[in-house]
Amino acid sequence: MVHIFPYWDFSEGQLIDVRVCSNAPKIELFFNGESQGVFHIDHKHGQKLIGDWQIPYTKGVLKAVAYDETDTPIATDVQSSFGDAASIRLTPDKTAMTADGSDLIFIEIDALDADGLPVANANNNIHVAVEGPGRLVGLDNGDSTDYDSYKGSCRKLFSGKLLAVIAATLESGTVTVRAESKELAACELELSAVPPAAGSSLEEAALYAYSPEQERLAKAGTPPVEQDAIPVRKLEIVCPQGNQLDADNRTLPVRVIVHPSSAAYRDVQWRLTNAAGNDAPIASLQASGNEALITALSDGEFYIRCGTTNGTDHIKLYSLMDFRIQGLGQTFLNPYSFVSAGYHNGNSRNLTNGNERGVATGRDGESRICFDQIDFGSYGSDEITLPVFSLDSEKFPIEIWEGIPGEAGASLLAEVTYQKPTQWNVYQEETYKLPRKLTGITSLCFVLRRKIHLKGFRFSQPARAFEPLRALDNHSIYGDTFTMTDDAIEQIGNNVSLVFHDMDFGGAGAGKLILCGASPIDNNTIHIQFSGEQGEMKQIVEFAYSGGYTEREFPLERVTGLQTVTFVFLPGSQFHFKWFRFIPAEQ
């Protein structure tokens, strides 16, 4: 045997993973008559038993050929492009049954396009009726999320298939099975119910008894064929200008075509994601109905996903297209908003997919969950929150590394302990204080040696503008006279300026300033300059003589929003500066 999957019907240009399985030692894949390569399978010793290829989708025919040890073809399978469903086909496992009340016929129902090709993603409602000495005792489509009754007379196709189970009665004759669906050509099938052989027992008939009342209830509430809503079969993503973005081509239009054109559910939902299904921060999306515009923000790969609920309360069908951005530079992860574990990088190991787009570590050995290009900013943070789902309530350690263990410059930040009463499939958060702040752009790695699910992480972002800040924490200092010590800047004078960026005072703002300093002279006049989107503002405080370091509080005109704060010391100043802190304005 040899089998190709998936079916062959996607968006033009979409890169598709094609896999072929076989019990033969050699397989070859052809697309539109051209060989895509050969794969040898060592069924006895091999670790890889399925051949796989990546092929950009375009209409055509995939053909897989299996060969024996002498390179003789022994099996073939074909997957062809197809169109919208046009008709119904009924294929029984046999055409005659014994009229003993227990015999069964299984009828495979599928949809065909206008060229007679199976429509492998058809999901139309199929109405089945049986006339004569036979009974419809079940309809099943294999969809575990479909809760329609097995005993109904109407059910959706799933992956283009539906199975009808026809049972015999105690009468012989011709049984007619009819399948109908809105806008599809109906199909009728004649079966025979033949008398049982002489001497046969009919004791099993009661097992399959199906009263007229049961039949009435099964059909109750089933809408007529003409009232069926035509479902969406396929969302075709069209990229008229391609799927590559760069510095000279930062935007691309995208649209989606709904198949079939008569589908009742036209609304679509758009998302930009990475391969794990998490929102991708490297591009933005403006969508309006079936049209969208993608704007590149930084280098990387992402997917555009377009989905439809198909008349339900959640996404039932979606299509995706891969995109690549080059030449804009790399983006960074923001640790102060939640970072999904799905953003882990190639240094990670021994992981599988976890709940809610998180990751699961391995049961045995060491697992690493690694992230790079995390931008903590100049002030940084030392408080991390981890949402964890543990399969039991036992205590276990989590190593938190800055950098990748074993690589140059990597260091173990902390080994923290997690223990909470387990709740099945529920992430529970724990917050940890690290021994030092992480600043700038860096990487993190979580090391575990047991099975857990990690949803991601989030760092607390201190309100830097209202935190005590050392004078030494400045972003830049310039001027003629100053001396750096271990915990202060002393002998400040002669046009010295200390600059502090990214001071966000919010909407409420700051109303006071505490300075910790020392003034060897009678009075130091300190100019404080605030530079923000609304322009510049200057305020002045007077720091009087002090015999040593002291804390003094000064009132300010309210300062709001994101500001760059500069302390300016004019000629004649002589000041020792240890730290300062802004106080929120009273509400």
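The values are calculated or read from the model by the stated rules, or taken from the named source; none is laboratory data. Just so it is clear, the structure is predicted and the values come from calculations on it, not from any experiment. Glycine also receives a Cβ, built like all others from the backbone with ideal geometry; neighbour counts cover every protein chain displayed. All accessible areas refer to the heavy atoms of the entire protein, side chains included, with ligands and DNA or RNA removed. Shrake-Rupley method; radii C 1.70, N 1.55, O 1.52, S 1.80 Å.
Return the subset of Lys59/Lys156; Lys316/Lys451; Lys48/Lys156; Lys63/Lys182; Lys63/Lys234 for which the Cα-Cα distance in this structure is over 29 Å, preserving the input order.
Result: Lys316/Lys451; Lys48/Lys156; Lys63/Lys182 exceed 29 Å.
For segment 380-467, what % of the accessible area comes from carbon and sulfur atoms, probe 1.4 Å?
The nonpolar share, carbon plus sulfur, comes to 46 percent.
If Tyr336, Tyr303, Tyr432 are ordered by their accessible area, calculated over protein heavy atoms with a 1.4 Å probe, which sequence runs from highest to lowest?
Tyr303, Tyr336, Tyr432
In vacuo Debye scattering of segment 286-360, one point per C-alpha: log10 I(q)/I(0) at q = 0.26 Å⁻¹?
Debye intensities relative to I(0), on a log10 scale: -1.24.
How much of the calculated P(r) for segment 466-583 lies past 24 Å, in percent of all Cα pairs? Mind dumping the intermediate values first?
Working: 1296 of 6903 pairs.
Result: 19 percent of Cα pairs exceed 24 Å.
For segment 431-465, run through the trypsin sites (Lys or Arg not before Pro) and keep only the ones in DSSP coil with at most 12 other Cβ atoms within 10 Å of their Cβ. Present the calculation step by step, with values, prior to reporting the outcome.
Details: sites: Lys433, Arg436, Lys437, Arg449, Arg450, Lys451, Lys455, Arg458, Arg464; in loops: Arg449, Arg450, Lys451, Lys455.
Within segment 431-465, no trypsin sites (Lys or Arg not before Pro) qualify (loop, at most 12 other Cβ atoms within 10 Å).
Could you grab the Rg to Rh ratio for segment 263-394? Cα atoms only, Kirkwood for Rh.
On the way: Rg = 17.7 Å, Rh = 17.3 Å.
Ratio of gyration radius to Kirkwood radius for segment 263-394: 1.02.
Report the convex hull volume per residue for segment 400-476, counting only C-alpha atoms, in Å³. Display every interim value, and only then the final one.
Details: hull volume 11.2 nm³, N = 77.
Measuring per residue, one finds 145 Å³ for the Cα hull of segment 400-476.
Subtracting the Cα-Cα distance from 0.36 nm times the residue separation, let me have the gained length for His40 to Arg89 in nm, one decimal.
Working it through step by step, the gained length comes to 14.0 nm.
Using a Förster distance of 41 angstrom, determine the FRET efficiency expected from the C-beta separation of Ser460 and Gln244, and round it to 0.05.
Values: r = 39 Å, r/R0 = 0.95.
With a Förster radius of 41 Å, E is 0.55.
What is the antiparallel percent of DSSP beta bridges lying wholly in the chain, to the nearest 5?
Working: 185 of 193 bridges.
Beta bridges within the chain, antiparallel portion: roughly 95 percent.
In whole Hz, what ³J(HN,Hα) sequence does segment 495-509 give by Karplus (6.51, -1.76, 1.60; θ = phi - 60°), x for Gly and Pro?
Values per residue, Gly and Pro as x: 6, 8, 10, 10, 10, 10, 8, 6, 9, 9, 8, x, x, 6, x Hz.
Suppose all protein chains stay in the model; what accessible area per residue would a 1.4 Å probe give for the chain, in Å²?
Normalised by residue count, the accessible surface of the chain is 49 Å².
What is the spin-label model distance, in nm, from Leu163 to Gln574 if the labels are put 7 Å beyond Cα along the C-beta direction?
Taking the two extended label points, one gets 9.7 nm.
Would you grab the residues whose amide H sits under 5 Å from the one on Glu383? Only those 5+ places off in sequence or on another chain, please, with H modelled 1.01 Å from N.
Leu434, Ser460
Starting from the coordinates of the alpha-carbon atoms of segment 1-99, obtain the Kirkwood hydrodynamic radius over all distinct pairs and give the value in Å to one decimal.
15.2 Å
I want to verify the translational diffusion coefficient of the chain in µm²/s; compute it with Stokes-Einstein, Rh as the Kirkwood radius over Cα pairs, at 10 °C and 1.306 mPa s.
Details: Rh = 30.6 Å.
Here the translational diffusion coefficient equals 52 µm²/s.
Between Thr352 and Ile521, what FRET efficiency follows from the Cβ-Cβ distance if R0 is 60 Å, with the result rounded to 0.05?
Step by step, r from the Cβ atoms, then E = 0.35.
Rg and Dmax of segment 479-548, Cα atoms, in Å?
For segment 479-548, the Cα radius of gyration and maximum Cα-Cα distance read 14.0, 40 Å.
Using the eigenvalues of the Cα gyration tensor, what equivalent ellipsoid semi-axes result for segment 287-329 when each is taken as the square root of five times the eigenvalue, whole Å, largest first?
For segment 287-329, the ellipsoid semi-axes come out as 27, 11, 7 Å.
Evaluate the Debye formula for segment 21-165 with equal point scatterers sitting on the alpha carbons, no solvent, and hand back log10 of I(q)/I(0) at q = 0.21 Å⁻¹, in q order, two decimals.
Log10 of I(q)/I(0), two decimals: -1.16.
At q = 0.12, 0.13, 0.18 Å⁻¹, what is the log10 ratio I(q)/I(0) for segment 65-141, with the Debye formula run over Cα points and no solvent?
Relative scattering, expressed as log10 I(q)/I(0), comes to -0.56, -0.62, -0.87.
What is the ratio of the Cα radius of gyration of segment 8-63 to 2.2 N^0.38 Å, where N is its residue count, to two decimals?
Rg over 2.2 N^0.38 Å, computed on Cα atoms: 1.22.
Can you list the HN-Hα couplings for segment 370-378, worked out from phi with the Karplus curve (6.51, -1.76, 1.60; θ = phi - 60°), rounded to whole Hz and with x for Gly and Pro?
In residue order, the calculated couplings are 10, 9, 10, 6, 9, 9, 8, x, 6 Hz.
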